[in-house]
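Only one structure is covered here, and it is reproduced in the block below.
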Amino acid sequence: MARQEKISKNLDWITVLLFIVCVIMGWANIYAAIYNPENPMWIGDAGFFDTNAGKQLIWIGTTVLLIIAILVIDYRFYETTAFFIYGFFIFMLISVFVIGAEIKGSHSWIRIGGFQIQPAEFAKMATALALAKYVSTPMVNLSRFKDQFNVALIILIPPILILLSHETGVALVFASFMVLLYREGLPGVYPASFLSIIILFVLSLIYSSSQIFIGLAVLSGLIIWILPRYERKTRNILMIIGVAFAMGVFATGVDWAINNVLQEHQRNRIKVLIDPDFDRKRTGYNVRQAKIAIGSGGLIGKGYLQGTQTKFDFVPEQSTDFIFCTVGEEEGFAGSLLVVGLFLSLLLRVIYLAERQKSRFARVYGYGVVSILFFHFMVNIGMTIGLMPVIGIPLPFFSYGGSSLWSFSILLFIFLKIDAHRSQVLSRW
């Protein structure tokens, strides 16, 4: 009893409140997405728990039980068993190839009765724990190649297995751990190179290879020209030219990879990002209808349960990947701004909590939580409004789905449990 009283006293209730608001708003929008004014379904009606809103209520109830279990377990358990948890979910990712079910082209689900569990969602949390455990190990230094290699291995194994199960969206989330690693001492050349690759990739979609080569040549010349005379050594000049040439080759390879490696639906999603009018009746249909729904909401929205785009199912997957459309249409710009502000408040709060930790394990894991939540928040809303390609990842705590709700809740509350005992943790910086 004394332990529980201490947990309730030290638990960060601001973060808990933000979590509760997100879950409640998420369920309200899921209900709005399935609401039919001609046949309204309410709690208690026959068949209600067969709808997405009804099933999500069940998932929310089980999530409460999971949170209680997380808070009851000793906080040291998560650090002690971090590698075991990671190994267990690697095993689960492998098991989907044998016992997994295929849903919407992805062979990454395990059916349990009328519900489905996606191990890939939980692998993100497991990887965050494993990274925190390894990086917090004494003598680990992310400026050394050996430790960089080990970290890369921990991060890359899950997304490779996830990609093999044809679940591209979730696999991309693991790139967000670059934020965590940079905070913990990874040399700046890695995130700088990563950002350069992303920018070059986007430019390669807009401009031809010859145009990019010309642009890189001009840029290289300008860099060499503005270098101080004592820096214009042959080695430096050759290095600049070599980097520019490598970037040009990469840009050429992007076009080849898009046409020869990616599947047709993946190519089309990229084309829609560049040209919103491309394939408006098929690949571009979701994004186009999503923008119409959000734009039709205006400043204050059409009112709760009054969205016409929502009611007539113009936007597919509106309970899951495109849940933000319901917010935009029924609650307008004001409601959308509220949701964005809610997520930013949650992210900033977790960053604050991470920075006040006394152990490196807790701090690294806290930044893992921030990295995952931020990536989902940025990409999900970005793809809904046409700024990101549609890769099919949920909006945390809002989108329908038990696996995502469980995984995000476990991810967050493990950190809150550790934070509640921060005064008992010896510093290991």
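The values are calculated or read from the model by the stated rules, or taken from the named source; none is laboratory data. Please read all numbers here as calculations on a predicted model, not as lab measurements. Neighbour counts are summed over all protein chains in view; Cβ atoms, including those assigned to glycine, are modelled from backbone coordinates with ideal geometry. Accessible surface areas use protein heavy atoms only, side chains included; no ligands, DNA or RNA. Shrake-Rupley method; radii C 1.70, N 1.55, O 1.52, S 1.80 Å.
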Give the stretch 35-57 a look and list any residue that's under 25 Å from the mean Cα position of the chain (by Cα) and open to solvent by 40 Å² or more (accessible area, probe 1.4 Å), or say none. 52, 55, 57
Which is out of contact with any Gly (no Cβ under 8 Å at 6 or more places or on another chain), open to solvent by less than 50 Å² (accessible area, probe 1.4 Å) and under 28 Å from residue 348 (Cα atoms), of 30, 73? 30
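Hey, any hits in the stretch 145-154 for a residue that's of a type in the set (Lys, Arg) and open to solvent by less than 50 Å² (accessible area, probe 1.4 Å)?
The first filter runs over the stretch 145-154 and keeps only residues of a type in the set (Lys, Arg), leaving 146.
From the residues that got through so far, the ones that are open to solvent by less than 50 Å² (accessible area, probe 1.4 Å) too are none.
Checked the stretch 145-154: no residue is of a type in the set (Lys, Arg) and open to solvent by less than 50 Å² (accessible area, probe 1.4 Å).
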